[in-house]
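Shown next, in structure tokens, is the structure this report addresses.
The values are calculated or read from the model by the stated rules, or taken from the named source; none is laboratory data. All of these numbers come straight from a predicted model, not from anything done at the bench. Cβ coordinates were reconstructed from backbone atoms using ideal geometry, including for glycine residues, and neighbour counts include every protein chain displayed. The area values use the complete protein model at the heavy-atom level, side chains included, leaving out ligands, DNA and RNA. Shrake-Rupley method; radii C 1.70, N 1.55, O 1.52, S 1.80 Å.
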Amino acid sequence: MERALVDGVRRFNRTVTQRVGALDDKFLARDRPLGQARLLWEIGPQGCEVRVLRARLDIDSGYLSRLLRALESDGLVTVDPGGADARVRTARLTTGGLAERAELDRRSDELAATILERLDVRQRERLVAAMAEVERLLVASAVHVAVVDPRHPDARRCTGAYFAELAERFDAGFDPARSQVATDAELTPPAGLLLVATLHTEPVGCVGLKLHTGDRHRGDAVAEIKRMWVAPEVRGLGLGRRLLAEVEGRAAALGVRTLRLDTNRTLTEAIVLYRSLGYREVEPFSTEPYAHHWFEKSL
């Protein structure tokens with residue numbers, strides 16, 4: 001990584017932590033540091049499972065337990081079994097915790113107003129727009145992509161959401177039984193693979209690679225891209241491009257020289273993406289009943 005880029009990120013981090021008061025032991029002039037204050041906000045009025053808090057905040061279980069114990073000792077939080085499964089614990093705010101969270105919200109609003117009021121109208125708009133862009137890019141940087149067994153629950157959730165979206169968007173609906181969808185076996189090494197993207201342990205995208213028989217030593221092996229999907233809530237983060245780049249790299253490493261895919265005419269944003277990444281439209285290479293466009297790319 002370029003030194004100038006790393007230095008820029010570190011400089012930004014120092015400015016932000018100082019400006020928002022993250023360095024103070026008493027965040028927003030209350031009797032607790034930022035970590036405890038943030039945890040109160042994340043638990044919220046409805047309560048939250050401890051495992052969800054751990055994933056959402058990206059902190060280890062030991063540190064989370066210490067934060068919760070500190071809030072419990074102050075009478076702000078209770079942690080109890082959340083239901084039939086005693087292993088699932090849920091954190092809830094007490095009456096005092098709700099009042100403290102409301103006060104932190106009020107003071108946070110005041111801090112935000114203080115930052116904005118010292119700028120003119122144009123500067124305020126620039127700052128808020130820049131913050132939105134930084135937030136978007138930071139979320140994108142938190143997404144993790146890895147090879148996952150297609151039978152894994154995360155993979156099943158992605159596939160289920162993908163099929164449900166196709167059923168909603170396709171003109172005539174979508175029936176997996178009629179489609180030439182890749183089977184689990186075809187997306188399991190060495191026959192293929194499935195990449196799953198996760199954000200705070202939640203699956204938010206996937207793409208599969210189905211290998212075809214060919215003489216890889218001749219450099220003419222062919223593979224198909226299958227199950228390309230990105231969750232609506234993370235679209236616009238460049239995850240589709242990242243998934244395609246990742247699967248292309250893995251395909252090339254496996255000796256694939258030609259990648260193919262087909263898609264439905266209603267998936268206009270996907271078609272634009274494929275074309276922008278160098279996929280060219282070709283004659284039909286399959287009898288997929290839901291396909292209207294067939295694409296190919298040489299690696």
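The alpha carbon radius of gyration of the stretch 93-134, expressed as a multiple of 2.2 N^0.38 Å, is 1.57.
The listed peptides 15-24, 88-97, ordered by packing as a protection proxy, come out as 88-97, 15-24 (highest mean of other Cβ atoms within 10 Å first). Remark: the stretch 55-163 carries 63 Å² of accessible area per residue (probe radius 1.4 Å; ligands, DNA and RNA excluded).
When the solvent-accessible area of the chain is split by element, carbon and sulfur atoms take up 53 percent of it, the probe being 1.4 Å. Ignoring aspartates and glutamates fewer than eight residues from Lys297 along the same chain, the ones with Cα atoms less than 16 angstrom from its Cα are Asp220, Glu224, Glu246, Glu248, Asp262, Glu281, Glu283. Taking 25 °C and 0.890 mPa s as conditions, the stretch 155-299 diffuses translationally at an estimated 158 µm²/s according to Stokes-Einstein applied to its Kirkwood radius (Cα pairs). With the alpha-carbon atoms of the stretch 81-210 aligned to their principal axes, the span from lowest to highest coordinate is 59, 47, 33 Å, starting with the largest.
Averaging 1/r across all pairs of distinct Cα atoms in the stretch 170-213 and inverting the result yields a Kirkwood radius of 12.2 Å. 3J(HN,Hα) along the stretch 226-240: 10, 6, 7, 8, 10, 4, x, 6, 10, 5, x, 9, x, 5, x Hz, from the Karplus curve 6.51 cos²θ - 1.76 cosθ + 1.60 with θ = phi - 60°, whole Hz, x for Gly and Pro.
Spatial offset of the stretch 170-200 relative to the stretch 11-33 amounts to 46 Å, using the alpha carbon center of each.
A 1.4 Å probe run over the stretch 245-299, with the rest of the protein chains in place, finds 49 Å² accessible per residue. What the phi angles of the stretch 70-76 give under the Karplus curve with 6.51, -1.76 and 1.60, with θ = phi - 60°, is a coupling list of 5, 6, 5, 5, 8, x, 9 Hz, glycine and proline written as x. Of all the options Val256, Val50, Val128, the one that moves most in a Gaussian network model of the chain with Cα springs shorter than 10 angstrom is Val128.
Available extension along the chain between Asp25 and Arg280 is 86.0 nm, counting 0.36 nm per residue and deducting the alpha carbon span. Between amide H atoms placed 1.01 Å from N, distances below 5 Å from His292 occur with Thr263, Asn264, Arg265, all of them 5 or more places distant or on a separate chain. For Val77, the residues 5 or more places off, or on other chains, whose built amide H falls under 5 Å of its own are Glu72, Thr94. The ratio of the alpha-carbon radius of gyration of the stretch 21-119 to the globular-protein estimate 2.2 N^0.38 Å is 1.14.
Which are the unpartnered cysteines of the chain, meaning those with no other cysteine Cβ under 4.7 Å from their Cβ? Cysteines of the chain left without a disulfide-compatible partner: Cys48.
For the chain, relative contact order (Cα pairs under 8 Å, six or more residues apart, normalised by length) works out to 11 percent. With viscosity 0.890 mPa s and temperature 25 °C, the Kirkwood radius over alpha carbon pairs of the chain converts through Stokes-Einstein to a diffusion coefficient of 108 µm²/s.
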